[in-house]
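Right, one structure below, let's go through it.
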Amino acid sequence: MKKNIKILVLSFTAILSNFIASNAQEKIIVSKGNPIITDKYTADPAAYVFGDSVYLYTGHDVAKAPKNSYEMNNWLVYSSADMVTWKEHKSPLSTKDFAWAKGDAWASQVIERDGKFYWYVAITHGTIHGKAIGIAVSDSPTGPFKDALGKALITNDMTTDVKISWDDIDPSVIIDDDGQAYLFWGNQKCRYVKLKKNMVEFDGPIVTLNLPEFTEAPWIHKRKGWYYLSYASQFPEKIVYAMSKNVTGPWEYKGVLNEIAGNSNTNHQAIIDFKGKSYFVYHNGAINTDGGSFRRSVCIDYLHYNKDGSMKRVVMTSEGIKKAN
């Protein structure tokens, strides 16, 4: 009898230990305004609505990196049912998960198709000079994720008309109403390509768009028959946008959406609708004490549309948003 009790105790202890270990990085964060997360630096946000929750995917600026430089080694994920109370999940993806890459966990975006979650990331290639775009896949929005291809989808030698090594960054993906998927990305020039239904292969040639003063950070979304392509413009960066009735254009430039963010030279946005309201997710440098413009934090403010479908300029606030019901 004593032996059986001892076995049960040991089994329970092992289960408890495994549970604690698996949830070691999971905690609840209640936002008190902007920035929404203050215990670490978060940057380049991408938000995705799935089911009754919002999933927030961010880069992670290392606080103790050399001053005036970025160090980003992994991506983070948070989830919320009300946009104020966030659950921080264990980091599901890092640069080490791509055997062909050598570092730099830059901007990314996640989308679901047929029960799989595809995470498009900008990362430094290990053997081909410059930035590249890779894809990770998971059965869950919070991971774990693994390399979907075993190689990069896009490499710097595919876009040789721009003479920099970082023009293939900032992926943004959309699945149109007819089921056709499109991947947008770029620095200095914005590009897109159709994706096959498997989400990991091209379904046509790379197309370059002519957008006014395009710097980087394209974000593509659709609402009430309009397509919106927002992006970072000039430097320091503000967010501007264009509209179209077709996902491939032609695009009509509409002007500034979000002004230069405080204490941050870069600006990077995500736009979502959730529980009847529209939200603009971005980063600033409001809590940065560690180095220039290189320690950023995610913020959320409301986004409003005009009757003609155009977007009103976003008002950045320290108060942030209220609970979504």
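Exactly one residue out of Lys96, Lys102, Lys90, Lys163 is in a strand (DSSP E or B) and surrounded by fewer than 16 Cβ atoms within 10 Å (Cβ to Cβ), and it is Lys102. For region 67-87, what are the residues that are in a loop (DSSP other than H, G, I, E, B), crowded, with 19+ Cβ neighbours inside 10 Å and at negative phi? Answer for region 67-87, where residues must be in a loop (DSSP other than H, G, I, E, B), crowded, with 19+ Cβ neighbours inside 10 Å and at negative phi: just Tyr70.
For region 201-229, a residue qualifies if it is charged (D, E, K, R) and within 17 Å of Val240 (Cβ to Cβ), and the qualifying residues are Glu213, Glu216. Within region 123-151, the set of residues being in a loop (DSSP other than H, G, I, E, B) and either touching a residue at least 40 places away in the same chain (Cβ under 8 Å) or basic (Lys, Arg) (or both) comprises Pro141, Thr142, Gly143, Pro144, Phe145, Ala148, Leu149, Gly150, Lys151.
State yes or no: is Tyr279 within 30 Å of Glu71 (Cβ to Cβ), in contact (Cβ under 8 Å) with a residue 24 or more places away in the chain and not in a loop (DSSP other than H, G, I, E, B)? When the stated conditions are applied, Tyr279 passes them.
Starting from residues that are in a loop (DSSP other than H, G, I, E, B) and out of contact with any Phe, Trp or Tyr (no Cβ under 9 Å at 6 or more places or on another chain), keep the ones in region 168-202 and report whichever is surrounded by the fewest Cβ atoms within 10 Å (Cβ to Cβ). My answer is Asp178.
Of all the numbered requirements in (1) part of a loop (DSSP other than H, G, I, E, B); (2) within 30 Å of Lys277 (Cβ to Cβ); (3) among the acidic types (Asp, Glu), Glu112 misses one, and that requirement is (1).
Scan region 46-65 and tell me whether some residue there is assigned to a strand (DSSP E or B), modelled with pLDDT of 95 or more, among the aliphatic types (A, V, I, L, M) and over 25 Å from Asn325 (Cα atoms). Looking for residues that are assigned to a strand (DSSP E or B), modelled with pLDDT of 95 or more, among the aliphatic types (A, V, I, L, M) and over 25 Å from Asn325 (Cα atoms), one finds none in region 46-65, hence no. Considering Ser233, Ser244, the condition of being within 24 Å of Lys163 (Cα to Cα) and surrounded by 14 or more Cβ atoms within 10 Å (Cβ to Cβ) is satisfied by Ser233 alone. Filter region 293-325 for residues that are assigned to a loop (DSSP other than H, G, I, E, B) and of a type in the set (Gly, Ala, Ser); which is surrounded by the fewest Cβ atoms within 10 Å (Cβ to Cβ)? For region 293-325, the residue satisfying everything is Ser318.
Selection of region 205-221 for residues being surrounded by 14 or more Cβ atoms within 10 Å (Cβ to Cβ) and not β-branched (Val, Ile, Thr) yields Leu209, Leu211, Phe214, Glu216, Ala217, Pro218, Trp219, His221.
The values are calculated or read from the model by the stated rules, or taken from the named source; none is laboratory data. Because the structure is a prediction, the values reported are computed rather than measured. Neighbour counts are summed over all protein chains in view; Cβ atoms, including those assigned to glycine, are modelled from backbone coordinates with ideal geometry.
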